Amino acid sequence: VDVLGHAEVVKVSSVAVDETPPTIAFTQPAANAVLNTATPIIQLSYSDAGSGIDKDTFTIAIDGVPLSVLADVSGITITPSVGQGPHAVTASIADRLGNRRSVSLSFFVDSIPPQVTMTKPPNGSYVNVKRPTIEGIASDYGSGLNTSSITMRLDESAVAAQIASPGGPGIPGA
């Protein structure tokens, strides 16, 4: 009311309460994936049906190290360089009212091929039997050996092979 007695009535048509954080999810890679690249594609999508996404609140870290990323309105895609072995990614985003949600994902990088060393007979040696025993050691840094994929070739021809003990120290078998 002003000094002359004029009054204005203000009507509130509706007020929405938004206490729900946004949805956020990794779309790539799959959880616990074993990847054959040291530059994996990491993709997230997010949305908020209430007050909307505040893209300036987006954070992401790999192995606890924050990354500087410009967030889009509905998601991000990055291809960071990472080392061999296990990795953990955490990301979070808030809506315009400060409701925050975080997600995490683990994956494993193994881009180094298995190593094979022939142990018997020694390389370049001569044997006096038509069917010599050939032995070797196969090992893999990370994801393990797939023993069903091991093949032995002699003069470009496949020969029968027996796998005595797959794996090795800290290396799972098939």
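The values are calculated or read from the model by the stated rules, or taken from the named source; none is laboratory data. Quantities reported herein were computed from a predicted structural model and do not represent experimental measurements. Cβ coordinates were reconstructed from backbone atoms using ideal geometry, including for glycine residues, and neighbour counts include every protein chain displayed. Areas reflect the complete protein model, heavy atoms only, side chains present, ligands, DNA and RNA absent. Shrake-Rupley method; radii C 1.70, N 1.55, O 1.52, S 1.80 Å.
Screening the stretch 36-71 for residues that are open to solvent by less than 80 Å² (accessible area, probe 1.4 Å), part of a loop (DSSP other than H, G, I, E, B) and among the small types (Gly, Ala, Ser) and picking the one that is nearest to ASP110 (Cα to Cα) gives ALA38.
The set of residues in the stretch 124-135 that are open to solvent by 80 Å² or more (accessible area, probe 1.4 Å) and over 18 Å from ALA161 (Cβ atoms) comprises TYR126, ASN128. Taken over the stretch 72-102, the criterion of being farther than 20 Å from GLY142 by Cα and open to solvent by less than 30 Å² (accessible area, probe 1.4 Å) is satisfied by GLY75, ILE76, ILE78, ALA91, SER92, ILE93, ALA94, ASP95. Summed over the stretch 103-123, residues that are without any contact (Cβ under 8 Å) to a residue 40 or more places away in the chain and surrounded by fewer than 16 Cβ atoms within 10 Å (Cβ to Cβ) total 12. Note on the stretch 132-174: enclosed strands (runs of 3 or more DSSP E) holding 1 or more residues that are of a type in the set (A, V, I, L, M, F, W, C) and at pLDDT below 80 are 152-154, 157-159.
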